[in-house]
Amino acid sequence: MENRALYPGFFDPITNGHVDIIRRGLKLFDGIVVAVLKNPKKRALFSTKERVAMIRDIFAGDPKVEVRAFDGLLVEFARRSRTRIVIRGLRAISDFEYEFQMALMNRKLDEETETLFMMPSLRYSFLSSRLVKEVFQLGGDVRDLVPGTVEEKLRAKLKKGRFVLSQ
Ligand code: PNS
């Protein structure tokens, strides 16, 4: 059976930190399924469709990366997509508590699902989608922090006056 892992998240928007984790994951697995959480209740800057499209665009040349939207429980989606390893990025100690709870809850819900923590490159260890949006909205330079296509989409949102900060 193919050895693929799931990399779930909200990705509003995907950052270079996420891209770094996906590339690291590809060294360990035959493929990565990027699972984008659909969440109509959570205010997001980008729609589910836009978030999925941006990630597909970044990995367009790489058939080992599949991007899918999901809702409901992550463990159910993992079961349906036949991926039992969930990759999560750990940036700092502050991430640990939430990630620890989530990993153990997912294990409680499904013993077969394992969570694997990976550290992004140090240069992305301070990075989050929320900070990228805030810095960008206030006129800061995010070019080193997100892929070029994402920066273009941020610019387009700002131009249309559709910039809302969520998360
Ligand atoms: O990018 P994020 O916000 O850190 O991603 C969080 C995500 C999408 C991985 C998490 O919220 C999730 O798995 N949601 C799906 C619902 C679920 O399974 N909840 C129980 C997890 S303990």
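The values are calculated or read from the model by the stated rules, or taken from the named source; none is laboratory data. Quantities reported herein were computed from a predicted structural model and do not represent experimental measurements. Cβ: placed from backbone, ideal geometry, glycine included. Neighbour counts: every protein chain shown. Surface accessibility is based on the protein's heavy atoms, side chains included, excluding ligands, DNA and RNA. Shrake-Rupley method; radii C 1.70, N 1.55, O 1.52, S 1.80 Å.
Selection of region 18-44 for residues being open to solvent by 10 Å² or more (accessible area, probe 1.4 Å) and either aromatic (Phe, Trp, Tyr) or closer than 18 Å to residue 148 by Cα (or both) yields 18, 19, 20, 23, 29. One residue is enough: does region 43-58 have a residue meeting the conditions among the aliphatic types (A, V, I, L, M), touching a helix residue (DSSP H, G or I) at 6+ places or on another chain (Cβ under 7 Å) and away from the ligand (no atom under 15 Å from the Cβ)? Scanning region 43-58, I find at least one residue that is among the aliphatic types (A, V, I, L, M), touching a helix residue (DSSP H, G or I) at 6+ places or on another chain (Cβ under 7 Å) and away from the ligand (no atom under 15 Å from the Cβ), so the answer is yes.
Taken over region 145-167, the residue count meeting the criterion of being more than 16 Å from the chain's Cα centre (by Cα), at pLDDT below 95 and within 24 Å of residue 95 (Cβ to Cβ) is 1.
Here is a yes/no grid of residues against (1) at positive phi; (2) out of contact with any Lys or Arg (no Cβ under 8 Å at 6 or more places or on another chain); (3) modelled with pLDDT under 95; (4) not acidic (Asp, Glu):
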| position | (1), (2), (3), (4) |
| --- | --- |
| 12 | no, no, no, no |
| 19 | no, yes, no, yes |
| 33 | no, no, no, yes |
| 50 | no, no, no, no |
| 79 | no, yes, no, yes |
| 93 | no, yes, yes, yes |
| 99 | no, no, no, no |
| 107 | no, yes, no, yes |
| 116 | no, no, no, yes |
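Considered as a group, the residues in region 3-17 that are touching a residue at least 60 places away in the same chain (Cβ under 8 Å), more than 13 Å from the ligand (Cβ to nearest atom) and not hydrophobic (A, V, I, L, M, F, W, C) include one that is most open to solvent (accessible area, probe 1.4 Å), and that residue is 4. Tallying residues that are crowded, with 19+ Cβ neighbours inside 10 Å and assigned to a helix (DSSP H, G or I) within region 53-63 yields 3. Selection of region 64-78 for residues being outside any helix (DSSP H, G or I), in contact with a strand residue (DSSP E or B) (Cβ under 9 Å, 6 or more places away or on another chain) and near the ligand (Cβ under 9 Å from one of its atoms) yields 70, 71. Screening residue 33 on (1) in contact with an Asp or Glu (Cβ under 8 Å, 6 or more places away or on another chain); (2) more than 18 Å from residue 5 (Cβ to Cβ) shows it passes everything except condition (2). Residues of region 87-125 that are aromatic (Phe, Trp, Tyr) and either within 18 Å of residue 12 (Cβ to Cβ) or touching an Asp or Glu at 6+ places or on another chain (Cβ under 8 Å) (or both): 98, 117, 124.
Please go through region 30-52 and pick out each residue that is part of a loop (DSSP other than H, G, I, E, B), within 20 Å of residue 128 (Cα to Cα) and of a type outside the set (A, V, I, L, M, F, W, C).
To start, the set of residues in region 30-52 that are part of a loop (DSSP other than H, G, I, E, B) comprises 30, 38-47.
Of the ones still in play, those that are also within 20 Å of residue 128 (Cα to Cα) are 38-39, 42-47.
Scanning region 30-52 gives 38, 39, 42, 43, 47.
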